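Single-structure report; data block below.
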Ligand code: DGL
């Protein structure tokens, strides 16, 4: 039996999560919904985001008979998970910054959170640090420019290294930091470049943990993961705005899953 899974992000960042999901459960049919009309999310007002995320996800769930929702966006998850869980009847899994993992791993008790300006200031993050921060000092670096840089890199393969260095300057200034949390799903797309600039840092993202969580939830729902792996693959791409260069877009997205085309919701 197919388990239609909705993966949601503002742009291509959620593909960093989808890649991990596809490794763990290759046969899971996934609908990737990208709200490119409102990209980037990290500079949008909270009330606009909540209403929009709920509306889009409810609509996608109805139209595609979705069984499981993955909010592959920290900016959305740290804000809208309660509203989504109230509006949807299916399980909702949210990607949030891996503060607990980083704090546990830190030897120096100095860690950094790299996320969108919206995410770093959310009360949800204060709570995560309070409960799971293990007394670590947390340097918060918020950047929407890096989201844009990662998105452009994903499509065009060219990375703006001087801007990357500039954004990550706080990491150069505090050499005691030993863990860097990639608290935006766009950032694993440029993790190799960050690791080259800061080889002393351990980069921590949420991809593997989310893939494990999905396996757990699917099993709880009574699905046999082996059976799912034998299902025919049916992946769909949904955007909220027109795409200028459709061919380039499709060929970039096909690096992740065998998409045939995309629909605009
Ligand atoms: N990829 C998203 C995140 O994890 C959102 C980036 C944005 O649109 O600002 O936060």
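What follows is calculated from the coordinates using simple rules that are stated; it is not laboratory data. Fair warning: this is a prediction, and the values are worked out from it, not measured in the lab. Heads up, the Cβs are rebuilt from the backbone with ideal geometry, glycines too, and the neighbour counts pull from every protein chain shown.
Give the share of C-alpha pairs in each 5 angstrom bin for the range 56-214, from 0 to the last occupied bin, in whole percents, shortest bins first.
Histogram of Cα-Cα distances, whole percents per bin: 2, 9, 18, 20, 19, 15, 9, 5, 3, 0.
To the nearest 500 deg cm²/dmol, what mean residue ellipticity at 222 nm is calculated for the chain from DSSP H runs of n ≥ 4 alone, each contributing -39,500 (n - 2.57), summed and divided by the residues?
Value at 222 nm, helices only: -13500 deg cm²/dmol.
Under 10 Å, Cα contacts only: if you run a Gaussian network model on the chain, which one of 73, 184, 61 comes out with the highest mean-square fluctuation?
Between 73, 184, 61, it is 61 that shows the largest mean-square fluctuation.
To check you understand DSSP bridge types, tell me what percent of the beta bridges within the chain (both residues inside) are antiparallel, rounded to 5.
Bridges in the chain that DSSP calls antiparallel: roughly 0 percent.
Which order do the peptides 84-90, 3-9 take when ranked by the mean count of other beta-carbon atoms within 10 Å per residue, highest first?
Per-residue mean Cβ counts within 10 Å order the peptides as 3-9, 84-90.
What percent does the relative contact order of the chain come to when contacts are Cα pairs within less than 8 Å and at least six residues apart?
27 percent.
Decide, for the range 1-126, between rounded, prolate and oblate: order the square roots of the alpha carbon gyration tensor eigenvalues as a ≥ b ≥ c, take rounded if a/c falls under 1.5, and otherwise choose prolate if a/b is larger than b/c, else oblate.
It comes out oblate by the Cα gyration axes.
With just the Cα atoms defining each centre, how far is the range 129-148 from the range 152-190? Give it in Å.
When both Cα centres are located, 13 Å separates them.
At 7 Å along the Cα-to-beta-carbon direction for both residue 212 and residue 62, put a label point, then send me their distance in nm to one decimal.
The two pseudo-label positions are separated by 3.7 nm.
Taking a quarter of the surface of the Cα convex hull of the chain, what do you get in nm²?
13.5 nm²
How do the peptides 17-25, 159-167 rank, highest first, by the average count of neighbouring beta carbon atoms within 10 Å per residue?
By packing density, highest mean first, the sequence is 17-25, 159-167.
For the range 160-242, what is the convex hull volume of its Cα atoms per residue in Å³?
Given the Cα convex hull of the range 160-242, per-residue volume reads 167 Å³.
Connecting C-alpha atoms closer than 10 Å in a GNM of the chain, tell me which of 94, 14, 133 has the biggest fluctuation.
The residue with the greatest mean-square fluctuation here is 133.
In nm², what is the average projected area of the convex hull enclosing the Cα atoms of the range 105-165?
5.2 nm²
Expressed as a rounded percentage, what relative contact order does the range 117-184 have, with Cα pairs under 8 Å and six or more residues apart?
30 percent
Can you tell me, using C-alpha contacts under 8 Å and at least 6 residues apart, the relative contact order of the range 59-134 as a whole percent?
Normalised by residue count, the contact order of the range 59-134 is 31 percent.
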